[in-house]
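These notes are about the structure you will find just below.
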Amino acid sequence: MDHADHVRLLRDGIEGAGPVWADLGAGSGAFTLALADLLGPKGEIYAIDRDGSRLRDNARAMASRFPSVRVHYQEADFRRPVTLPPLDGVLMANALHFQSAQEELVQCLRGYLRPGGRFLIVEYDIDRENYAVPHPVPYSAWQSIARHSGFEHTALLATRPSRFLRSIYSAVSW
Ligand SMILES: C[S@@+](CC[C@H](N)C(=O)[O-])C[C@H]1O[C@@H](n2cnc3c(N)ncnc32)[C@H](O)[C@@H]1O
């Protein structure tokens, strides 16, 4: 997948949303860049990851590709409380599958959203765990997690074939 694929996965979930987003488990920035591309210069992104070296790569890539988009980096564990303003959106790309208590976590993360805010998820659409995806979140599982976490609506946004694991999907809940 390349930047165009990342943008395609997020596009319909960002359209019409406000400018303040968090990218949880932002890593080296594949989806932070896509988010920045879609939000444009009015965007403000809080990129959180517990791996400081990936965040530094992320900051370098953002500075060279989207210097006009403000990004705040926080090296932190998103399972613990973090200081954030009310968010228009939360993006979690390929990070929920590392967590075992997914529903409890998403319930807490929902608390960072302003009323009407959106939660965007990108995950592999697989049922069986493997070394890289210890707690898979296929779309059917996300629908249930989102509902039990208090989101009234969930929509599938896009899917892309994955060379690594069958297929990757994006979905939005609000
Ligand atoms: C597979 S990478 C995905 C990175 C990026 N979102 C992407 O899709 O390219 C997962 C990232 O989530 C981060 N991560 C996993 N659990 C985390 C936690 N509890 N708190 C903060 N970051 C976490 C990892 O450090 C890693 O950078």
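Quick note: the coordinates plus some simple rules give every number you see, no bench work behind them. Everything numeric here is computed off the predicted structure, so don't read it as measured data. Please note: Cβ atoms are built from the backbone with ideal geometry, for glycine as well, and neighbour counts cover all protein chains shown.
Here is how the numbers come out for the structure above:
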item: Segment 122-174 - residue that is touching a residue at least 12 places away in the same chain (Cβ under 8 Å) and of a type in the set (Asp, Glu) and, of those, surrounded by the fewest Cβ atoms within 10 Å (Cβ to Cβ); result: GLU152
item: Filter result for the condition that a residue is in contact with a Leu (Cβ under 9 Å, 6 or more places away or on another chain), surrounded by fewer than 23 Cβ atoms within 10 Å (Cβ to Cβ), charged (D, E, K, R) and part of a helix (DSSP H, G or I), over ASP57, ASP37; result: ASP37
item: Pairs with Cβ under 9 Å, 6+ apart, first in segment 15-35 and of a type in the set (A, V, I, L, M, F, W, C), second in a helix (DSSP H, G or I) and near the ligand (Cβ under 7 Å from one of its atoms); result: ALA26/ARG54
item: Residues satisfying the stated conditions in segment 96-139, i.e. in contact with an Asp or Glu (Cβ under 6 Å, 6 or more places away or on another chain) and more than 15 Å from the ligand (Cβ to nearest atom); result: GLY117, PRO138, TYR139
item: Selected residue (only one of PHE98, PHE119 is closer than 23 Å to ARG8 by Cα, of a type outside the set (Asp, Glu) and either touching a residue at least 12 places away in the same chain (Cβ under 8 Å) or surrounded by fewer than 18 Cβ atoms within 10 Å (Cβ to Cβ) (or both)); result: PHE119
item: Any chance ARG50 is within 13 Å of the ligand (Cβ to nearest atom) and charged (D, E, K, R); result: yes
item: Top-ranked residue of segment 62-95 - restricted to ones that are of a type in the set (S, T, N, Q) and surrounded by 15 or more Cβ atoms within 10 Å (Cβ to Cβ), ranked as farthest from the ligand (Cβ to nearest atom); result: GLN74
item: Criterion: near the ligand (Cβ under 10 Å from one of its atoms) and touching a Lys or Arg at 6+ places or on another chain (Cβ under 8 Å) - qualifying residue of ALA26, ALA36; result: ALA26
